[in-house]
Amino acid sequence: MNTEAVLLLETVNFAAEKHRNQRRKDAEQTPYINHPIGVARILSHEGGVTDIEVLQAALLHDTVEDTDTSPAELEAKFGPIVARIVQEVTDDKSLPKQERKRQQVEHAPHCSQQAKLVKLADKLYNLRDLNRCTPVGWSTERVQEYFLWACAVVKGLKGTNSALEEKLEELFRQRGVQL
């Protein structure tokens, strides 16, 4: 088995272990691990991304934010580049939700190319998921607000990957949101 395949399997296994008891907020409560795997698949399959560290970071992108994983743990296991990308896309959970959302919009244009790719694929996955199934407790207005906020983030990522940006633009257009 080639080295990159081994690295990806190790990364998937680590993410699966860390997210093992988590569920998505949809009515079916799908396993959370579907999300980071889906983000990595969007990057490789739809975005044409082959950079192994970006794919690893996509698989790990919510571990620091949503599990007991530390940046140091990621760096020790996956190296400084993967850890840095994950850190760039990680929200500071000590801040109020609205401040975290504001910071995502503000910081998006200043992220590395690698982090921008992960952010684009993450937003694409989440928006598709919202179209597929509204999370429990979410109103139509809250879904639309998420689309508007995601659009503001994506504006700061323009010029990163035209294939992913076109797919996002189409989702926004369907919702009457101008990118």
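The values are calculated or read from the model by the stated rules, or taken from the named source; none is laboratory data. For clarity, every value in this text was computed on a predicted model and none was experimentally measured. Backbone-built Cβ (ideal geometry, glycine too); neighbour counts: all protein chains shown. For accessibility, only protein heavy atoms count, side chains too; no ligands or nucleic acids. Shrake-Rupley method; radii C 1.70, N 1.55, O 1.52, S 1.80 Å.
At-a-glance table
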| read-out | value |
| --- | --- |
| Condition check for residue 171: buried (at least 19 other Cβ atoms within 10 Å of the Cβ), closer than 23 Å to residue 49 by Cα and within 16 Å of the chain's Cα centre (by Cα) | no |
| Qualifying residue in region 138-152 (condition: outside any helix (DSSP H, G or I), within 24 Å of residue 22 (Cα to Cα), β-branched (Val, Ile, Thr) and in contact with a Ser or Thr (Cβ under 9 Å, 6 or more places away or on another chain)) | no |
| Some residue of region 95-109 being among the aliphatic types (A, V, I, L, M), under 25 Å from residue 20 (Cβ atoms) and at pLDDT 95 or above | no |
| In region 63-81, the residues that are under 16 Å from residue 15 (Cβ atoms) and in a helix (DSSP H, G or I) | 63, 64, 65, 66, 71, 73, 74, 75, 76, 77, 78 |
| Complete set of residues in region 11-25 that are under 15 Å from residue 61 (Cβ atoms) and either of a type outside the set (A, V, I, L, M) or open to solvent by 100 Å² or more (accessible area, probe 1.4 Å) (or both) | 11, 14, 18, 19, 22, 24 |
| Breaking point among (1) in a helix (DSSP H, G or I); (2) of a type in the set (Lys, Arg); (3) at pLDDT below 95, for residue 84 | (3) |
| Matching residues, region 33-51, being in contact (Cβ under 8 Å) with a residue 24 or more places away in the chain and either of a type in the set (Gly, Ala, Ser) or open to solvent by less than 30 Å² (accessible area, probe 1.4 Å) (or both) | 35, 36, 38, 39, 40, 42, 43, 47, 48, 49 |
| Flag for residue 179 being farther than 21 Å from residue 84 by Cβ, among the hydrophobic types (A, V, I, L, M, F, W, C) and in contact with an Asp or Glu (Cβ under 7 Å, 6 or more places away or on another chain) | yes |
| Evaluation of residue 48 against (1) on the phi > 0 side of the Ramachandran plot; (2) at pLDDT below 95; (3) not acidic (Asp, Glu) (one fails), failing number | (2) |
| Flag for residue 104 being buried (at least 18 other Cβ atoms within 10 Å of the Cβ) and either farther than 19 Å from residue 33 by Cβ or in contact with a Cys (Cβ under 8 Å, 6 or more places away or on another chain) (or both) | yes |
| Filter result for the condition that a residue is surrounded by 19 or more Cβ atoms within 10 Å (Cβ to Cβ) and modelled with pLDDT of 95 or more, over 76, 72, 57 | 57 |
| Inter-residue pairs, beta-carbon under 7 Å, first in contact (Cβ under 8 Å) with a residue 24 or more places away in the chain and small (Gly, Ala, Ser) and in region 98-126, second outside any helix (DSSP H, G or I) and open to solvent by less than 10 Å² (accessible area, probe 1.4 Å), 6+ apart | 108/157 |
